[in-house]
Amino acid sequence: MTVVTDRGDSSARRPAPSPAPRRMGGRAGRARLAPLLLVAPFALLLLATVLVPIGYALYLSLFTERLSGLGFSGPEDVFVWLSNYGAVLSDPAFAESVWNVARYALVHVPLMLGAALVLALLLDGAVVWLRQVWSLAVFLPYAVPGVIAGLVWAYLFSPGIGPLNDVLPWDPLGSEGVLPSIVTMATWQWMGYNMIIFYTALRTVPRDVLEAARIDGAGPVRTALSVKVPIIRPTIFVALVFTVIGSLQLFTEPLVLRSFTGSVTSTWTPSLYVYEAAFITNDYGRAAAASLLLALACAVLSALVMRLSTRRSG
Amino acid sequence: MNGAHRNGSRWTSRSAVHVVLVLATLYSVLPLVWLVTSSTKSLGDFSTTGAFELGEWNLGTNVGDLLAEEDGVFLHWAVNSLLYAGVGALLGALICSACGYAIAKLDFPGRRALFAVTLTGVLVPTTALALPLYLLASELRIVDTFWAVFIPLLTNPFGVYLARAYAEAAIPGELLEASRMDGAGELRTFFTVALPLMRPGVVTILLFQFVGIWNNFFLPLVMLTDPKLFPITLGLYQWSSRVTQFPSYTPLVITGSLLAVVPLIVAFVVLQRQWRSGLAAGSVK
């Protein structure tokens, strides 16, 4: 463990070869120290709560706990190369959790971001009464903690209590209906937040560009699609990255629903799988391997999205 | 004729726009309305009256029951949430602003590397960190203490990213030069010149970090077992998991949820101008 800590430490505070800033006299030392003082608290936090834990997870994922010999001396950590990763990848429960989260993301991401974008364009472009009021109202669910959002919707979905059970075309707490229900909850929570982000970006579109489009005879829809959306593309892609990463980590909503329905298993998403392996089964090696696979998936997907964003605009 | 037709279609499209907005608003607000109406009902009315109707006014009793449950543990949770989120956001926003400012405006060894690592930090899923953080905390013997939740939630890489953008946009280099010429040290320049200029940005970081910590659930779930240390989210989750067996927890969970949500909604409504302009400044890179 100490090895990993040292490695994390040196990589974060690697002395850079760049020349010291040119300053004169005895103040040079102080002037060089000051930026480091401003940076130090965050750098230390980043080191202690992100870099070291990641390194530690890497270490954990390569070991497993086994009873040695006749089991008299208690369990000990054995180096097992990548076999924890193998165990996770060949576990049908993990595959199912990945399948669930993939289906969830495929529906939630385009639905939520699409709705947010349409609403932002309407607020920005159309003649709308009470613009501030609409945008604030749609934004409010963002202020509701995930646990509470989960509880409120769970009650709304519950037969006999909430009205939705009779209205929705799917059985909201049934084994097939739970996925669209979670999409409904998550879209509710994030649509307004992303709408505000998009709307804020749309406000920065130069007015003379819009004027030029109008003179060229472009209608509001045309202007929105071929002038405004391309200009706020970077914002859209950043939102896309965050939404994809957030979707892969889906945890709170299904966990809360577990108290209301048996349709959500204890390993329903990869995050639940990690939680179960780590804190219920206490299989740290497997949990660490699964969590790093999840982190890897996040990294790969966000790199892919960013690649897509630069290629199309280039 | 033509003009009338155009007016007509404009009127239709205008109505269509408002229909869409009304639908989006209903979707967003109705669950919150349900939370309000439900927390005014007794357990009996809860299952017999319509979801959005008011039953007999029972909010006072519900709040009383909530505060009395388990010797007033809900108040502990509220105070804990305020401490985790309030102190955490204040301190976190200051730490982010200092770091973002230094990255934007000062020259120091490792500046680029630090920013690159910070950006990667934004993308690291919290799920991947929970287990190692828990094991590290148990080695430091701080599992099931205030610090196990407080310290990791101070780290806000996205806040640093925003602070850097604000500092770059809002602080003219000449002003810093002038302050240095006056003989002010770098730290003093940060606190007296840079920080006030970054204020809308700092308020935005503070507010969003407050919400982030207030709404956080995974870390307390992993770190805490003593109910006296729980934040509201974890406490309500624990009660909600008993609801199927003990329906009497339902009014407690619902009223508690309402009380947990109201302060945040009020904060967002009151500070509207601040965070809207802060987000705008952050989106202009």
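Check A:GLY114 against each of (1) over 20 Å from A:THR252 (Cβ atoms); (2) without any contact (Cβ under 8 Å) to a residue 60 or more places away in the chain; (3) more than 14 Å from chain B (Cβ to nearest Cβ) and name the one condition it does not meet. Condition not satisfied by A:GLY114: (3).
I need a count of the residues in the range B:24-41 that are among the β-branched types (Val, Ile, Thr) and within 10 Å of another protein chain (Cβ to nearest Cβ). Outline the logic, then answer.
So the first thing to find is which residues in the range B:24-41 are among the β-branched types (Val, Ile, Thr), and the list is B:25, B:29, B:33, B:36-37, B:40.
When the remaining residues are screened for being within 10 Å of another protein chain (Cβ to nearest Cβ), the result is B:25, B:29.
Number satisfying all stated conditions: 2.
Restricting attention to the range A:263-314 and to residues that are more than 12 Å from chain B (Cβ to nearest Cβ) and in a helix (DSSP H, G or I), the residue that is farthest from A:ALA93 (Cα to Cα) turns out to be A:SER313.
Within the range A:128-148, being facing chain B (nearest Cβ under 8 Å) and either assigned to a loop (DSSP other than H, G, I, E, B) or of a type in the set (Gly, Ala, Ser) (or both) holds for A:VAL128, A:TRP129, A:ALA137, A:ALA143, A:VAL144, A:PRO145, A:GLY146.
Filtering the range B:215-229 for residues that are part of a helix (DSSP H, G or I), farther than 18 Å from B:PHE158 by Cα, β-branched (Val, Ile, Thr) and facing chain A (nearest Cβ under 10 Å) leaves a non-empty set.
Inspect all residues belonging to the range B:222-239 and state whether any of them is assigned by TED's automatic domain parsing to the domain that holds B:ALA130 and over 21 Å from B:LEU83 (Cα atoms).
Applying the first criterion (assigned by TED's automatic domain parsing to the domain that holds B:ALA130) to the range B:222-239 yields B:222-239.
Imposing the further condition that a residue be over 21 Å from B:LEU83 (Cα atoms) reduces the set to B:239.
Yes.
Please find, among B:LEU162, B:LEU195, the residue that is more than 9 Å from chain A (Cβ to nearest Cβ), buried (at least 21 other Cβ atoms within 10 Å of the Cβ) and in contact (Cβ under 8 Å) with a residue 60 or more places away in the chain. Walk me through how you get there before you give the answer.
Numbers: B:LEU195 fails: buried (at least 21 other Cβ atoms within 10 Å of the Cβ).
Being more than 9 Å from chain A (Cβ to nearest Cβ), buried (at least 21 other Cβ atoms within 10 Å of the Cβ) and in contact (Cβ under 8 Å) with a residue 60 or more places away in the chain holds for just one of B:LEU162, B:LEU195, which is B:LEU162.
Step by step: first the residues of the range B:114-143, then only those that are part of a loop (DSSP other than H, G, I, E, B) and under 26 Å from A:PRO270 (Cβ atoms), then the one that is modelled with the highest pLDDT. Which residue is that? Once the filter is applied, the top-ranked residue is B:VAL143. Against the list (1) crowded, with 21+ Cβ neighbours inside 10 Å; (2) away from every other protein chain (no Cβ under 13 Å), the condition A:SER226 fails is (1). As for the range B:68-86, it holds at least one residue that is part of a helix (DSSP H, G or I), without any contact (Cβ under 8 Å) to a residue 60 or more places away in the chain, more than 30 Å from A:GLY162 (Cα to Cα) and under 26 Å from the mean Cα position of the chain (by Cα).
Restricting the first member to the range A:233-253 and to residues that are more than 9 Å from chain B (Cβ to nearest Cβ) and crowded, with 19+ Cβ neighbours inside 10 Å, and the second to residues that are in a loop (DSSP other than H, G, I, E, B) and at pLDDT 90 or above, the beta-carbon pairs closer than 8 Å and six or more apart or on different chains are A:LEU250/A:THR269. Identify all residues within the range A:88-111 that are within 14 Å of chain B (Cβ to nearest Cβ) and aliphatic (A, V, I, L, M); write none if there are none. Across the range A:88-111, the qualifying residues are A:VAL88, A:VAL98, A:VAL101, A:ALA105, A:LEU111. Are any of the residues in the range A:8-21 out of contact with any Cys (no Cβ under 8 Å at 6 or more places or on another chain), modelled with pLDDT under 75, under 21 Å from A:ARG286 (Cα atoms) and among the hydrophobic types (A, V, I, L, M, F, W, C)? Within the range A:8-21, not a single residue is out of contact with any Cys (no Cβ under 8 Å at 6 or more places or on another chain), modelled with pLDDT under 75, under 21 Å from A:ARG286 (Cα atoms) and among the hydrophobic types (A, V, I, L, M, F, W, C). Per the conditions (1) surrounded by fewer than 21 Cβ atoms within 10 Å (Cβ to Cβ); (2) within 9 Å of chain A (Cβ to nearest Cβ), the sole criterion not satisfied by B:GLY44 is (2).
The values are calculated or read from the model by the stated rules, or taken from the named source; none is laboratory data. Just so we're clear, the structure is a prediction, and the values are computed from it rather than from any experiment. Using ideal geometry, Cβ is built from the backbone for each residue, glycine included, and neighbour counts are taken over all protein chains shown.
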